[in-house]
Amino acid sequence: MNENQAGDDLRTLRLVIVDDHPVFRQGVRNLFEVEEGVDVIAEGSSGEEALDLVHQLQPDVIVLDINLPNMNGLQVTSRLKASHLNTRVVLLTAYDDREQVLHAMRSGASAYCPKDIEPELLVDIVRRVANGLFVVDNRTFDEEALKLWLDAGVEAATGPYMVDPGEHFVPLSPREMEILQYVTQGKSNKEIAQSLGISHQTVKNHMTSILKKLDVRDRTQAAVYALKRGWVRPSDADPDLKHDW
């Protein structure tokens with residue numbers, strides 16, 4: 001082992017945990033607080049807190065729930081990626097499927113884990129991520145290998161004959177996610193335009209982009225897609241949509 005490797009092993013890993021369920025959040029904190037070389041420096045309960053904590057403290061890793069109020073984990077991850085910060089994101093989810101994985105990793109996550117993950121495995125993944133690696137399905141990738149895996153995953157999900165499969169599973173922009181939240185509330189394009197102070201045509205353009213990125217046919221499917229994956233809280237949704245999933 002050279003001196004640089006020894007220094008990396010001795011350096012304390014600085015960790016932030018964000019989940020809006022206090023019992024779960026405390027359990028994750030308890031798990032890491034007994035780990036040698038790990039310092040849980042802060043915790044939060046919302047997407048906005050996650051962004052503030054990372055900007056203020058610049059931790060090595062943030063363990064982040066996808067299903068958060070107001071701003072979900074994917075939105076947080078996208079914004080952190082756009083900020084070019086060095087903090088690595090480990091996303092936790094109660095809804096685990098292949099499409100969700102693609103959205104998460106293309107948003108900028110370094111790892112994607114179901115919430116029923118074994119505690120020891122979560123610790124190991126956080127350590128791997130802190131060393132610059134990416135983890136999905138307990139498979140470890142470097143940056144180049146992850147890109148190949150993502151490309152193969154998108155093609156498998158969309159089919160090999162699509163003109164541009166890369167158009168799908170592209171992270172939704174903050175505005176698109178905001179519009180999608182209004183859609184789950186049953187609002188029309190006109191109502192969304194009025195609420196956001198933008199034109200009706202702009203909303204229509206965003207909706208076209210949302211449908212393409214999610215690979216769904218209509219706004220109802222888009223809303224159900226978001227609800228199922230925890231991007232929007234069921235309590236905030238149109239009652240009629242809740243029965244669809």
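Listing for the model above:
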{"item": "Dipole-positive endmost among Leu102, Pro22, Val40 within the chain (Cβ charges, Cα centre)", "result": "Leu102"}
{"item": "For the chain: relative contact order, % (alpha-carbon pairs under 8 angstrom, 6 or more apart)", "result": "15"}
{"item": "Degrees separating the helix 119-130 axis from the principal Cα axis of the chain, which is the longest one", "result": "90"}
{"item": "Helix axis angle, 219-228 relative to the chain longest principal axis, alpha carbon, degrees", "result": "30"}
{"item": "Additional length obtainable on full extension of the chain from Asn131 to Ile198, 0.36 nm per residue less Cα span", "result": "19.8 nm"}
{"item": "For peptides 14-20, 141-147, 25-31, sequence by mean Cβ density within 10 Å, most packed first", "result": "14-20, 25-31, 141-147"}
{"item": "Degrees between helix 22-33 axis and first principal axis of the chain (Cα, 0 to 90, nearest 10)", "result": "30"}
{"item": "3J(HN,Hα) from dihedral phi, region 43-55, Karplus parametrisation 6.51/-1.76/1.60, rounded to Hz, x for glycine, proline", "result": "9, x, 10, 8, x, 5, 5, 4, 4, 4, 5, 5, 5"}
{"item": "Computed label-point distance, nm, for sites Arg175 and Asp116 using a 7 Å Cα→Cβ extension", "result": "4.1"}
{"item": "Accessible carbon and sulfur surface of the chain relative to its total accessible area, %, 1.4 Å", "result": "47"}
{"item": "Principal axes of the chain: Cα extent on each, largest first, Å", "result": "60, 41, 31"}
{"item": "Burial order of peptide ranges 56-68, 127-139 (average beta-carbon count within 10 Å, highest first)", "result": "56-68, 127-139"}
{"item": "Measure of compaction for region 1-144 (Cα Rg per 2.2 N^0.38 Å)", "result": "0.97"}
{"item": "Long pairs among Lys115/Lys212; Lys81/Lys187; Lys81/Lys228; Lys115/Lys190, criterion Cα-Cα beyond 26 Å", "result": "Lys115/Lys212; Lys81/Lys187; Lys115/Lys190"}
{"item": "Distance (nanometres) between label positions extended 7 Å along Cα→Cβ at Ala152 and Thr208", "result": "3.5"}
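The values are calculated or read from the model by the stated rules, or taken from the named source; none is laboratory data. On a predicted model such as this, the values are computed, not experimentally measured, just so you know. Methodologically, a virtual Cβ is constructed for each residue, glycine included, from the backbone with ideal geometry; neighbour enumeration extends over all protein chains shown. Areas reflect the complete protein model, heavy atoms only, side chains present, ligands, DNA and RNA absent. Shrake-Rupley method; radii C 1.70, N 1.55, O 1.52, S 1.80 Å.
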